[in-house]
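The values are calculated or read from the model by the stated rules, or taken from the named source; none is laboratory data. It should be emphasised that the depicted structure is a prediction, and the values quoted were computed from it without experimental measurement. Here the Cβ positions follow ideal geometry from the backbone for every residue, glycine too, while neighbour counts run over all protein chains shown. What goes into the accessible areas is simple: the full protein's heavy atoms, side chains included, and nothing from ligands, DNA or RNA. Shrake-Rupley method; radii C 1.70, N 1.55, O 1.52, S 1.80 Å.
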Amino acid sequence: MVGLKEELLKSIWHAFTALDLDRSGKVSKSQLKASGVLSHNLCTVLNVPHDPVALEEHFRDDDEGPVSNQGYMPYLNKFILEKVQGNFDKVEFNRMCWTLCAKKNLSKSPLLISDEDAFKVWVIFNFLSEDKYPLIIVPEEIEYLLKKLTEAMGAGWQQEQFDHYKIALNTSREGLSAWELIDLIGSGQFSKGMDRQTVSMAINEVFNELILDVLKQGYMLKKGHKRKNWTERWFVLKPNIISYYVSEDLKDKKGDIILDGNCCVEALPDKDGKKCLFLIKCLDKSFEISASDKKKKQEWIQAIQTTVNLLRVGSPPPHKEARQKRKELRQKLLAEQEELERQMKELQTANENKQKELETVRKQLEAAAARAAEEEKKRLQTQVELQDRFSLELEREKMVRQKMEEQVAQKSSELEQYLQRVRELEEMYKQLQEALEDEKQARQDEETVRKLQARLLEEESAKRAELEKWHLQQQQTIQMTEAEKQELENQRMIKEQALQVAMQQLEQLELERKEALEQYEEVKKKLETAANKTKSWKDKVAHHEGLIRLIEPGSKNPHLITNWGPAAFTEAELKQRQKSWKGKKATSE
């Protein structure tokens, strides 16, 4: 509670000084009313019951008017700060104090940052400032803040530029006030080339880390405990809790995951179509969460595990621990510097005392020479001896002084080396972070290549299966072709047999034709003989009767001609034979 009280006092100090209230002096009636308003507002935002009677009793009236016998700050400590339990909104508290002091102290010149960003810089100043009043932020903390902002903006840190600024600052004062820090960041001196949105995002990121204790935040999928469905939520990791919201505006909070030293986090294999899974185990409940990719999954697991480890050992958040270490280092260096200055003053005092002693001895020697002229030689000799002795002592003192000056120079050199070593360690830490990022990117690239190889293997397997399918179809087609070939061969055999039968029939017909031709020749000869006989009869009849015409044998139709000569059958018989041949041919097929 002591650290919380000190943090509250810094913000209240700004509001208190803006009201022109003396911390331990007299308070007029108007100032008493203003202090009452301030007290009421503080009690409201800090969730502390307000007692206006206590304020009136604290500031009593006398003949000269309202006079504070104890001042406002003792009242603030006794009646407000000692009752604070920590169950209040820090941002709302700081915003109330900011409202009271910003209008009076904020620079009127245009800045490259908005009023909201100026408010966040003011809160960060209260966190990093020294625990003494009036509040200032020392150059080391200014450098730390500017480095954080530059890193958040993704720009390179200009150490030489800051060193020049630091030298100019050290020659005039110990540090900057809150309003001077706002002017420095708002002037863009250390953010050249960056737009307002980039600077604003960087200020918001540093504000979330240093003030709201946000160690990590981002969208992930969370599995429900009742319906077992997966829903996207905005997760915010803090030193002892993980809160999840509907969106990143943090307006609709859906729940909390309370962290302690008994919690643990472990990776889960992919299942149910969800990838990049991990499990957060607590005493009463477990939470299954799916990250967007393997990199995010590993970052969240490491961040949660680091938070749990800090809870186990009781350590503060990393940024608060780093701030405490920087403060202890400055106190140590300041103590060493004060010790060196003290030793130098002691040496200077001793040297002055020796000089006074020498002056006293010289006067004594002169007085002794004047009083005893007869002993001048003896005293002269004594004086020479004394001078020699004191010269030796003076030489010895000079050597001691020279030795001390060398020690001071050596200490200064060691101090500079120590500061250089601190800067080198910070640079090494930054390089290590970059190396880790490169390694993570390389692992991600390796995973991408591995997925590509796996996809190519799957495509090759699919192609091979398709080729085997085509080969099987080809085999089946070949088998079907052989079967068809065999069927065609059988048909060919049947047709050859039918052709042989037809040839045999044709030979039979040829024989029949030859017989018919022989018969025709015989009939022709008979007809010629009959014709000769008939001609002789015609001649006789024509000669004798003249009007009688004999009927000649034979058909009036033209004779049919075949490949083998004149046909021995009529056209009707030929058609009948063609019809018979076609029927036999159809039967054989």
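Counted by Cβ distance under 14 Å from Arg326, the other residues give a net charge of +1, where Lys and Arg count +1 and Asp and Glu count -1.
Here Lys78 is the anchor, and the aspartates and glutamates within straight C-alpha reach of less than 16 Å, apart from those fewer than 8 places off in the same chain, are Glu6, Asp51, Glu56, Glu57. Here the chain is assigned +1 on the Cβ of each Lys and Arg and -1 on the Cβ of each Asp and Glu. Its dipole about the Cα centre then comes out at about 3000 debye. All other residues whose Cβ lies under 15 angstrom from that of Ala118 are scored, Lys and Arg at +1 and Asp and Glu at -1, for a net of +1.
Just add up the charged neighbours of Ile80: K/R +1, D/E -1, any other residue whose Cβ is under 12 Å from the Cβ of Ile80. Spell out each step's value before the answer.
Details: positive: Lys5, Lys78, Lys83; negative: Asp51, Glu82.
Summing Lys/Arg as +1 and Asp/Glu as -1 gives +1.
The heavy atoms of Leu499 present about 110 square angstrom of accessible area, all protein chains included, probe 1.4 Å.
Taking only DSSP H segments of four or more residues, each worth -39500 (n - 2.57), what value at 222 nm results for the chain once the sum is divided by all its residues, to the nearest 500 deg cm²/dmol?
That comes out to -24000 deg cm²/dmol.
Taken one residue at a time, the phi angles of region 129-137 give Karplus couplings (6.51, -1.76, 1.60, θ = phi - 60°) of 6, 6, 8, 8, 10, x, 5, 9, 10 Hz. Gly and Pro are set to x. Of the whole protein surface, Glu395 contributes about 100 Å² of accessible area at a 1.4 Å probe radius.
Straight Cα distances below 29 angstrom link Lys514 to the lysines Lys495, Lys524, Lys525, Lys526, Lys533, Lys556, Lys575, Lys579, Lys582, Lys584, Lys585, with same-chain residues fewer than 8 positions distant left out. Across region 399-413, coupling constants 3J(HN,Hα) worked out from phi with the 6.51/-1.76/1.60 Karplus curve, θ = phi - 60°, read 5, 4, 4, 4, 5, 5, 4, 5, 5, 4, 4, 5, 5, 5, 5 Hz, and Gly and Pro carry x. Near His50, no amide H atom lies under 5 Å from its own; only residues 5 or more places off or on other chains count, and H is placed 1.01 Å from N.
Averaged per residue, region 216-316 has 56 square angstrom of accessible surface, using a 1.4 angstrom probe with ligands and nucleic acids left out. Of Lys90/Lys296; Lys254/Lys440; Lys5/Lys83; Lys253/Lys294; Lys90/Lys281, which ones are farther than 22 Å apart at the Cα? Listed pairs above 22 Å: Lys90/Lys296; Lys254/Lys440; Lys253/Lys294; Lys90/Lys281.
Rounded to whole numbers, the Karplus 3J(HN,Hα) couplings from phi for region 211-217 are 9, 7, 6, 7, 7, 6, 8 Hz, using 6.51 cos²θ - 1.76 cosθ + 1.60 with θ = phi - 60°, and x at Gly and Pro.
In terms of its C-alpha gyration tensor, region 294-428 comes out prolate, because a/c is 1.5 or above and the ratio a/b outweighs b/c.
Restricting to Cα pairs below 8 Å that are 6+ residues apart, what does the relative contact order work out to for region 277-330? Please round to a whole percent. Mind dumping the intermediate values first?
Numbers: 25 pairs, mean separation 10.3, N = 54.
The value is 19 percent.
In this view, the solvent-accessible surface of Thr171, computed with a 1.4 Å probe and all protein chains in place, comes to about 110 Å². Here region 216-316 is treated with +1 on each Lys and Arg Cβ and -1 on each Asp and Glu Cβ, and its dipole about the Cα centre works out to around 240 debye.
If contacts are Cα pairs under 8 angstrom and at least 6 residues apart, what is the relative contact order of the chain in percent? Don't jump to the answer; show the numbers that get you there.
Numbers: 459 pairs, mean separation 37.8, N = 589.
With pairs under 8 Å counted, the relative contact order is 6 percent.
When the residues Val53, Val138 are ordered by accessible surface, computed with a 1.4 Å probe over the protein chains alone, the sequence from largest down reads Val53, Val138.
Would you mind checking the tilt of helix 159-170 against the longest principal axis of the Cα atoms of the chain, expressed as 0 to 90 degrees and rounded to 10? Relative to the chain, helix 159-170 is tipped by roughly 20 degrees.
Summary value for region 263-305: 35 percent relative contact order, contacts being C-alpha pairs under 8 angstrom separated by 6+ residues.
An ellipsoid equivalent to region 216-316, defined through the eigenvalues of its Cα gyration tensor, has semi-axes of 20, 16, 13 Å when rounded to whole angstrom and sorted largest first.
At a 1.4 Å probe radius, which order do Trp230, Trp122, Trp581 fall into by accessible area, largest first? Don't skip to the end; give the middle numbers.
Numbers: Trp230 60, Trp122 0, Trp581 110 Å².
From most exposed to least exposed: Trp581, Trp230, Trp122.
Remark on Lys238: its backbone amide H falls under 5 Å from those of Leu215, Ser243, a criterion applied only to residues 5 or more positions apart or on other chains, H modelled at 1.01 Å from N. Compactness ratio for the chain: Cα radius of gyration over 2.2 N^0.38 Å (N = residue count) comes to 2.42.
Accessible surface ranking for Ser114, Ser35, 1.4 angstrom probe, highest first: Ser114, Ser35.
In summary, the lysines within cross-link reach of Lys166, defined as a Cα separation below 20 angstrom excluding same-chain residues under 8 places away, comprise Lys147, Lys148, Lys192, Lys327.
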